[in-house]
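Bear in mind that the values in this text are calculations on the coordinates, not laboratory data. Quick caveat: nothing in here was measured; it's all calculated off a predicted structure. We place every Cβ from the backbone using ideal geometry, glycine too, and count neighbours over all the protein chains shown.
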Amino acid sequence: MHIHISTQDGVPIYLQIVRQVKHQIASGILVSGQELPSIRDLAEKLLVNPNTVARAYRELETVGLVEKRRTAGTFVAEGLSPLARREKLRMLSERMDGLLAEAHQMQVPLSDLIDLLNQRAKAFPQNSSIQNPENHAS
Amino acid sequence: MNQPILEIRDLKRNFGKKIALDGVSLSIPTGGVFGLIGGNGAGKTTLLKHTLGLLSAQSGSVRIFGLDPVADPVGALSRIGYLSENRDLPDWMRIHQLISYTRAFYPNWDPEYAETLRRDFELDPNAFVKTLSRGQRARAGLLVALAHRPDLLILDEPSSGLDPVVRRDILGAIIRTIADEGRTVLFSSHLLDEVERVADRIAILHQGRIQLCAPMEQVRSGHKRVQLRLSSSVSHFPPGGIWIGGEGSRHDWSMVAEAEIEAIREAVSLLNADILSIEPMSLDDIFVARTAGKALVAGGKS
Amino acid sequence: MTRPIQSPSVMAISRVLFVDMIRRSWFVLIIGFVGAFSLPFLILGVLKAKGALLVDDPAMILIHFTFAQMMGMCFGASVLHAAGAPSRLYVLPLSNRAIMVIQMVPATLMVIGQTALSIWILNLIFGLNWPLLGNALAFGMIFANFQSMMNLFQKSLLMLPAMILTLTLESFWVKSRHGPIFSLPTQYWTTVTLMDWLVFAFAMTLSYWIGMYAIYRSRCGNEIQTSLIVYLSNLIQELFGKRTKVFRNAGQAQSWFEWNLKGYVFPVIVGMVVPLTPLFWLFSERKITALLEVLRVEGWLLSVAGMVSGLILGNMGLSDASIGMGQFLGTKPLATVSWSRILLRTAFQSLSLGVLIWAIIFSLVLWGGKLAGESYPAELFPWWYFPAIVLAAWAAMTFALCVSLTGRTIHMKILGGAYCGWLIVFTTIGNITSKWIAELFYFCALSGFGIALFLLTIGIWGVAFRRNMVVLRHAIVAGIVLTGLIGLVGWQFSNGLPLPTNNHGITPYFLLVSGLLSMVVFPFAAAPLALAWNRTR
């Protein structure tokens, strides 16, 4: 499981972990029943405080994405498809909110925005394999 | 677990005319990582030396594990692992001599762990300390500080002047230390992104005083950068209230506030201004805003 | 000597580096100075008090010659250490020639200056008229040669034969300026002839070129290396380097630390001087009684060597520039009292080894002489001689240990200055004031000094007792020992004063010796206090 932490943009570390795990579950990199690294191992790997990792895991547990099995560790929850879809939509709507706010600031009307979206969708299959690593953090 | 491992009360220290510590009070809980941050010359090293019994309190008190480190150096120091800022190690010793020498002082020394560390850090047992590079020296110092599994690990500017690989070793050591139950790490640094990653609590030491002492999350979430647009142009931003610092000119201001979002909205509406954005801040920015602090002026940093 | 320097920047750099050298190595320079100065003062002072200081006596020539050698060596050794290696200059924008000059000239001038100045001061104080120039220049020359050779052969076995050869040639030449080479010196080196100047010039030029070659090779990392020495050092590493010591406790570890770093100094100093004495004696004169007399004096001089070693033993600092305790040692979980005991034990071991070396040489000469049919007058070695020199060396070493153990730079500098000042005042007072004031001064000084030392000891023990660094048992033992020693001295004095004739009577000497004896027990209380003062600021 690869996670990248950045201290530059002010996003709390635990939140970065939560988002990236959610993203990986949503995009199928992490599958149901897969074991996540122990809190200590992940903390050592990322070089962050174990309490931060613990908080992230707790958060993920609260939303039902992972479950903690007492002696065995932390695992991705079973039967995640409906949750995964809900999560996917939620993440995308977060991005959309950001996009809408920017457009509002730049005073670009909604109709222009939708046109732009259609345009980019048509051009999309050529760009599908390119993934901008900067987008993973948020 | 609830007893503070280090308790400093109203510590004052001056060197001749220079006031290094001006009434510092600090209580460091057992377990977890405590980050002491401050600029160069803020007094961090002086404070740490008091905890080790190298300086005696001119007024106020220092208690570590409930002991006075000046009166009982053996009791205090045998449970502390210390890495000094200047990596003070005897140049004339070989690594294996350094290890066997230091080992004799600590009953809790774990020779297998020491050997594991030595191999991980790639330290040649026959090399003279004098011939080590800076990074290797730091690693050697870290080895002898960690191998006896101290209850309290004190690091004074551990990453200064070191390459990223060695810095990772040090951060890794900090994390492994507190991952073990009940152990504590106290480190001073001005590399704030590192502090941000590993600290549970931080204290800002500025000009000999503690400016701030709080859990890391509270500090991070409590400070926000607010971009405002004022309805009327001003040359000086009205000071006080929730505003700690900031910069800008005329209508557009980028301010730092320590408050909840509601309080910020209220304050902004009182100023008859628009909020353009409220953003979280990195620890770096928080530190600069808190310590560069003078009156808020137009155009320049405050 | 060398040509004058043209470039102003080299001058400026030279000045800065010279100041830097003093600041970095003031500790070593002070030790060298203190060691070099104490010897002549002690001996000349005693001679003068005996009334045996006859300026024009031919015997003075030998004394002058010996002192000149001693002082030259002391100053040379300390400046050699202070000057350091030229490698620290390699990254500066300096040509090889500039580095050579910066390295050699200030240091050589320092040796010449110190030697000349010391002889001049001795002349002033004791009313001698010893010549300055010859010996001073000679030692400058020897120093410069030594320095360049060290730089050239530092990694090579050739260093040993090269040094021995140079030293032998040049010392024979210096000896020859004082009379026939293989007998006692018979003349002062009053005039420096043209031939002398030519020899100086030649030797300095040789130094210069050797040094240049050394820098040329070492600056690009291409030093002269004997592959044999590299092979041997690897072999030694293989055999011994890997052996890990296991220390049972902190005390053992710290004892090992102190001994390895500083404990060997006293035995090495003694070992370098005492065994060579018969050698020098063979070259100058061959009467065994004379050699024994010299060895007897050397027994007393163990105290001076002890003082120098004590200063080094107490230095807890990281480098020569700072004698305060570093953080590595300061954070070791070792109680101050245990630590001070370890230091005193190391001093004792160091002292024993050095005294043993002296005793062996001494006994060999003594019994060798007896076998050869010599007979000695009984008063040459009274019963108290051996215990006295051991106690004196112990007191000197441990007092110096306590002084440098405080780790307080300023205090040490002040104390060093006061020591020299006191020596000067003590020996010159007879010249400046009238006789009866001088008599009174000596009476008060000797008695007062003795009483002061005694009271100091009692005071320090009191402070240590109050701070729980010593217990009643220790105090009682110390008290018994001291009383016993003073009693012995009193009894011996009452039988007759084995001391120079004087008008002062027994009392001041008794008080003085009692005071000095109390310094035997002084360190047991002072060392932990000094260490505590050093450790926590």
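Among the trypsin sites (Lys or Arg not before Pro) within the stretch C:388-467, which fall in a DSSP loop and have no more than 14 other Cβ atoms within 10 Å of their own Cβ?
Numbers: sites: C:Arg408, C:Lys413, C:Lys435, C:Arg466, C:Arg467; in loops: C:Arg408, C:Arg467.
Filter output for the stretch C:388-467: C:Arg467.
Taking K and R as +1 and D and E as -1, what net charge do the other residues with C-beta under 11 Å from the C-beta of B:Glu260 add up to? The partial results should precede the final answer.
Details: positive: B:Lys224, B:Arg265; negative: B:Glu258, B:Glu262, B:Glu266.
Computed value for this residue: -1.
How much of the DSSP beta bridge set in the protein assembly as shown is antiparallel, as a percent to the nearest 5? All intermediate terms of the calculation are to be shown ahead of the outcome.
Details: 49 of 68 bridges.
Counting DSSP beta bridges with both partners in the protein assembly as shown, the antiparallel share is about 70 percent.
For B:273-283, what's the mean count of beta carbons from other chains sitting within 10 Å of each residue's beta carbon?
Working: counts 0, 0, 0, 1, 2, 0, 3, 5, 2, 6, 2.
Going residue by residue through B:273-283 and averaging, the value is 2.
Testing the spin-label approximation: label points 7 Å from Cα along Cα→Cβ at A:Arg90 and B:Ser25. State their distance in nm.
Using points 7 Å along Cα→Cβ, the separation is 4.3 nm.
If you take the square roots of the eigenvalues of the alpha-carbon gyration tensor of chain C and sort them as a ≥ b ≥ c, do you get rounded (a/c under 1.5), prolate (a/b over b/c) or oblate? Intermediate values should be presented prior to the final figure.
Working: a/c = 1.61, a/b = 1.19, b/c = 1.35.
In terms of gyration-tensor shape, oblate.
Quick check: pseudo-label points 7 Å beyond the Cα along Cα→Cβ at C:Thr433 and C:Met195, how many nm apart are they?
Inter-label distance under the simple model: 5.0 nm.
Which order do C:Lys48, B:Lys49, C:Lys287 fall in if you start with the one that has the fewest other Cβ atoms within 10 Å?
Numbers: C:Lys48 16, B:Lys49 22, C:Lys287 11.
Ascending number of Cβ neighbours within 10 Å: C:Lys287, C:Lys48, B:Lys49.
Roughly what would the spin-label model give for C:Val246 and B:Ile278, points 7 Å off Cα along C-beta, in nm?
6.5
With θ set to phi - 60° and the Karplus curve 6.51 cos²θ - 1.76 cosθ + 1.60, what are the ³J(HN,Hα) couplings of the stretch A:23-38 in order, to the nearest whole Hz, using x for Gly and Pro?
Rounded to whole hertz, the list is 4, 5, 5, 4, 8, x, 5, 9, 9, 4, x, 6, 8, 8, x, 5.
Just subtract the alpha-carbon distance of C:Ser183 and C:Arg23 from 0.36 nm times their residue separation and send over the number in nm, one decimal.
Numbers: separation 160, 0.36 × 160 = 57.60 nm, distance 4.27 nm.
Gain in length upon complete extension: 53.3 nm.
Go ahead and run the numbers for FRET between C:Tyr213 and C:Thr168, Cβ-Cβ distance against an R0 of 30 Å, rounding to 0.05.
On the way: r = 22 Å, r/R0 = 0.74.
The pair C:Tyr213/C:Thr168 has a calculated efficiency of 0.85.
Over chain B, with a Gaussian network built from C-alpha contacts below 10 Å, which listed residue (B:His190, B:His251, B:His223) shows the highest mean-square fluctuation?
With Cα springs under 10 Å in chain B, the top fluctuation among B:His190, B:His251, B:His223 is at B:His251.
Mind checking the full-extension length gain between C:Thr205 and C:Lys155? Use 0.36 nm per residue of separation minus the Cα-Cα distance, one decimal, nm. Intermediate results must be reported in sequence, preceding the final value.
Details: separation 50, 0.36 × 50 = 18.00 nm, distance 2.31 nm.
Fully extending the segment from C:Thr205 to C:Lys155 adds 15.7 nm.
What dipole magnitude, in Debye to the nearest 20, does chain C give about its Cα centre under +1 on Lys/Arg Cβ and -1 on Asp/Glu Cβ? Show your work: numbers first, answer last.
Values: 33 positive and 15 negative charges, 347 e Å.
Dipole about the Cα centre, nearest 20: 1660 debye.
Using modelled backbone amide H atoms (1.01 Å from N, in-plane), which distant-in-sequence or interchain residues come within less than 5 Å of B:Ser25's amide H?
B:Asp10, B:Leu11, B:Ile210
How far is the Cα center of the stretch B:121-163 from the Cα center of the stretch C:419-451, in Å?
The stretch B:121-163 and the stretch C:419-451 have Cα centres separated by 56 Å.
Through the Karplus equation 6.51 cos²θ - 1.76 cosθ + 1.60, θ set to phi - 60°, convert the phi angles of the stretch B:4-18 into ³J(HN,Hα) values in whole Hz; use x for Gly and Pro.
Here the 3J(HN,Hα) series is x, 7, 9, 10, 10, 10, 6, 7, 10, 8, 9, 10, x, 8, 7 Hz.
Using +1 on the beta carbon of Lys and Arg, -1 on that of Asp and Glu, and nothing else charged, what's the dipole of the stretch C:158-272 about the Cα centre, debye to 20? Please list the in-between numbers first.
On the way: 9 positive and 5 negative charges, 87 e Å.
Charge dipole of the stretch C:158-272: 420 debye, to the nearest 20.
By counting other Cβ atoms within 10 Å of each Cβ, how are C:Glu285, C:Glu258 ranked from fewest to most? Don't skip to the end; give the middle numbers.
Working: C:Glu285 12, C:Glu258 20.
Neighbour counts put them in this order, fewest first: C:Glu285, C:Glu258.
Please find the FRET efficiency linking B:Gln58 to B:Glu7, where r is the Cβ-Cβ separation and R0 is fixed at 25 Å, and quote it to the nearest 0.05.
Details: r = 17 Å, r/R0 = 0.69.
The computed FRET efficiency comes out at 0.90.
Order by neighbour count: C:Arg88, C:Arg341, fewest other Cβ atoms within 10 Å first, most last. Please report the intermediate quantities before stating the final value.
Values: C:Arg88 13, C:Arg341 16.
Listing C:Arg88, C:Arg341 from fewest to most nearby Cβ atoms yields C:Arg88, C:Arg341.
When the helices in the protein assembly as shown are scored as -39500 (n - 2.57) per DSSP H run of 4 or longer and the sum is shared across all residues, what 222 nm value do you end up with, to the nearest 500 deg cm²/dmol? Don't skip to the answer; put the middle values down first.
Working: 33 runs with 569 residues, N = 977.
Only helices count here, giving -19500 deg cm²/dmol.
About the Cα centre, and with charges only on the beta carbon of Lys, Arg (+1) and Asp, Glu (-1), how big is the dipole of the protein assembly as shown? Nearest 20 debye, please. Present the calculation step by step, with values, prior to reporting the outcome.
On the way: 84 positive and 66 negative charges, 223 e Å.
Computed about the Cα centre, the dipole is about 1080 debye.
Placing +1 on the Cβ of each Lys and Arg and -1 on the Cβ of each Asp and Glu in the protein assembly as shown, which of C:Val489, C:Ser156, C:Thr191 has its Cα farthest towards the positive end of the resulting dipole?
Projecting each Cα onto the dipole axis, the largest value belongs to C:Val489.
Just need the relative contact order of chain A here, percent rounded to a whole number, with Cα pairs under 8 Å and 6+ apart.
On the way: 105 pairs, mean separation 37.5, N = 138.
Relative contact order of chain A: 27 percent.
In peptide B:96-107, what is the residue-averaged number of other protein chain Cβ atoms found within 10 Å of each Cβ? Spell out each step's value before the answer.
Working: counts 5, 8, 1, 1, 7, 10, 5, 6, 14, 10, 3, 3.
Mean inter-chain Cβ contacts per residue within 10 Å come to 6.
Grab the beta carbon distance between C:Val471 and C:Glu223, set R0 = 35 Å, and tell me the FRET efficiency rounded to 0.05. Display every interim value, and only then the final one.
On the way: r = 56 Å, r/R0 = 1.60.
That pair, C:Val471 with C:Glu223, gives E of 0.05.
Amide H of A:Leu30 versus every other amide H placed in the peptide plane: which residues, excluding those fewer than 5 positions away on the same chain, fall under 5 Å?
A:Ile25
Give me the percent relative contact order of the stretch B:165-302, please, defined on Cα pairs under 8 angstrom at least 6 residues apart. Before the final figure, lay out the partial values.
Working: 204 pairs, mean separation 33.2, N = 138.
Computed over the stretch B:165-302, the figure is 24 percent.
So what J values fall out for the stretch A:57-68 if you push phi through Karplus, 6.51 cos²θ - 1.76 cosθ + 1.60 with θ = phi - 60°, rounded to Hz, Gly and Pro as x?
Residue by residue, the stretch A:57-68 yields 5, 4, 4, 5, 5, 4, 7, x, 7, 10, 9, 9 Hz.
Picking from A:Lys88, A:Lys122, A:Lys45, which is most flexible by a Gaussian network model of chain A using Cα springs under 10 Å?
For chain A, modelled as a Gaussian network with Cα springs under 10 Å, the answer is A:Lys122.
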